[in-house]
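Engineer: Handing you this structure, nothing more for now.
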Amino acid sequence: MNSLARQLSRDPNNEENKMMRAKIFLLTIAMAAPAWAIAQTTNTPSMERGKILYQKNMCVACHGTAGNGGERTSGPRLAPNVWPLEAMKTQMRNPRLDMPRYGEKFLSDSDLADIHAWLSTIKAGPKAKDIPLLANL
Ligand code: HEC
């Protein structure tokens, strides 16, 4: 390379260099995209799975079918206003009172994220005063 060419190649405003940088940039994104897409699909919590795991792991026995809380306060209401995932994880691994402990071996972080995703879809029911049958009692 002669000295002029070398100088050109270092010049950030040189059009050819700009073009090359743009191509490298686009190529990098194109190469990273499939890996990113795979990571997204495998890491996205599944609420369908969560609903099943909630039953399978017996959360339902103490916390009710829709996270509405168990009979005679066997387990508190979980939804709506679901605890943040991290707080839920702490409760699973080190329950603060009477709840049985769920170690990683029995309930993985990803299973818990699925349960959390499902609980988060549960909406508050209408207030008694907004249900005609109850409002007119
Ligand atoms: C044997 C009954 C029982 C089972 C089974 C159970 N829990 Fe609990 N859970 C409780 C009780 C009781 C508490 C109140 C705090 C404590 O005792 O540690 C609680 C607290 C919680 C809390 C904190 C909410 C709050 O307001 O205190 C979360 C979140 C939770 N449970 C989620 C789950 C999930 C998810 C499962 C299933 C993987 C599960 N629990 C299984 C009884 C149970």
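The values are calculated or read from the model by the stated rules, or taken from the named source; none is laboratory data. Please read these numbers as outputs of a predicted model, since none were measured by experiment. With ideal geometry, Cβ positions are generated from the backbone for all residues, glycine too; neighbour counts draw on all protein chains shown.
Engineer: If we keep just the residues of segment 88-101 that are more than 7 Å from the ligand (Cβ to nearest atom) and not hydroxyl-bearing (Ser, Thr, Tyr), which is surrounded by the fewest Cβ atoms within 10 Å (Cβ to Cβ)?
Structural biologist: Once the filter is applied, the top-ranked residue is 94.
Engineer: Here's another thing I want to ask about it. Restricting segment 53-69 to residues that are buried (at least 18 other Cβ atoms within 10 Å of the Cβ) and within 12 Å of residue 99 (Cβ to Cβ), which is nearest to the ligand (Cβ to nearest atom)?
Structural biologist: Per the stated criteria, the residue is 59.
Engineer: I've got another one for you. Need pairs with beta-carbon distance below 8 Å; first residue without any contact (Cβ under 8 Å) to a residue 12 or more places away in the chain and within segment 98-119, second among the charged types (D, E, K, R) and in a helix (DSSP H, G or I); sequence gap 6+ or separate chains.
Structural biologist: What qualifies is 101/93; 103/93; 104/93.
Engineer: If I ask for residues that are within 13 Å of residue 112 (Cα to Cα) and at pLDDT below 75, which ones from segment 26-84 would you list?
Structural biologist: Answer for segment 26-84, where residues must be within 13 Å of residue 112 (Cα to Cα) and at pLDDT below 75: just 43.
Engineer: Now, a different point. Residues in segment 104-112: is at least one surrounded by 17 or more Cβ atoms within 10 Å (Cβ to Cβ) and aromatic (Phe, Trp, Tyr)?
Structural biologist: no
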